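Worksheet: the structure to be examined is printed underneath.
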Amino acid sequence: YMLLYFVIIFCHNAMSRPTFYYDEKPVKAGGVLFYVTIDGKRHYLLRKGKKHWGDIGGKTEISDKSIMDMLIREVTEETNNVLFDVSHTTDEAKQALSNHLENTDFNLFYCEKAKYILLRVEVDASVYGLDTSRFGTHESTGKKMSHSFSWVHSVDLKTIHPRIKYSNFCHSVFK
């Protein structure tokens, strides 16, 4: 009975999550890979979950109205609203990220197998200068998943999350 209950709950949750479309391709999850350029070299802000390093992102939720809504919500949740400023409230963090995405060129990558969209976005070096411990060890949403963050110049692909590692864009995203 317990297995059946889990299957029903899992299927309900998976079916109730919205699917968005990018170029007629389904999107069920996404993330943002932030980077800074210092002395001509890119440094990427990576988030480590259970085992792997990766971008900042997650799955669509019923409250999301668009791909950008999902990306902004996920980034602000996982960075505990303090990506750009340690004093931001949730609404201020979402607005700051929305403004940044509207006013910054970014590269977009799509992984068909994972139905995952990834934005590679440059941020100002002042963000790089802030201590990554400001993100905390857990999301403020109450989820029990622990995480850590680090700026990385040389990315070890063996440690990268499989949705990026085995994607069609893995080698181009870290250029």
>> So in the stretch 65-101, with the set limited to residues that are more than 26 Å from HIS153 (Cα to Cα) and among the acidic types (Asp, Glu), which one is most open to solvent (accessible area, probe 1.4 Å)?
In response: ASP91
> Assuming ILE62 fulfils every condition listed in (1) without any contact (Cβ under 8 Å) to a residue 40 or more places away in the chain; (2) open to solvent by 50 Å² or more (accessible area, probe 1.4 Å); (3) assigned to a loop (DSSP other than H, G, I, E, B) apart from one, which condition is it?
Replying inline: (1)
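Take ASP39 and tell me if it is of a type outside the set (A, V, I, L, M), at positive phi and touching a residue at least 12 places away in the same chain (Cβ under 8 Å).
no
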> Checking THR141 against (1) within 18 Å of GLY31 (Cβ to Cβ); (2) surrounded by 16 or more Cβ atoms within 10 Å (Cβ to Cβ), which test does it fail?
Replying inline: (2)
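Within the stretch 115-142, can you find the residues that are assigned to a loop (DSSP other than H, G, I, E, B), within 18 Å of LEU45 (Cα to Cα) and touching a strand residue (DSSP E or B) at 6+ places or on another chain (Cβ under 8 Å)?
Taking the stretch 115-142 first, the residues assigned to a loop (DSSP other than H, G, I, E, B) are 115, 123-124, 129-131, 136-137, 139-142.
Now narrow it down to the ones that are within 18 Å of LEU45 (Cα to Cα): 123-124, 129-131, 136-137, 139.
Passing the criteria: VAL123, ASP124, THR137.
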> Within the bounds of the stretch 145-157, is there any residue that is surrounded by fewer than 16 Cβ atoms within 10 Å (Cβ to Cβ), in contact (Cβ under 8 Å) with a residue 12 or more places away in the chain, touching a Gly at 6+ places or on another chain (Cβ under 7 Å) and not in a helix (DSSP H, G or I)?
Replying inline: yes
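Considering only residues that are outside any strand (DSSP E or B) and modelled with pLDDT of 95 or more, look in the stretch 101-114 and name the one that is nearest to GLU61 (Cα to Cα).
Result: LEU101.
The values are calculated or read from the model by the stated rules, or taken from the named source; none is laboratory data. Keep in mind it's a predicted model, so treat the numbers as computed, not measured. FYI the Cβ positions are ideal-geometry reconstructions off the backbone, even for glycines, and counts take in every protein chain you see. Side chains included, ligands, DNA and RNA excluded: accessible areas come from the protein's heavy atoms. Shrake-Rupley method; radii C 1.70, N 1.55, O 1.52, S 1.80 Å.
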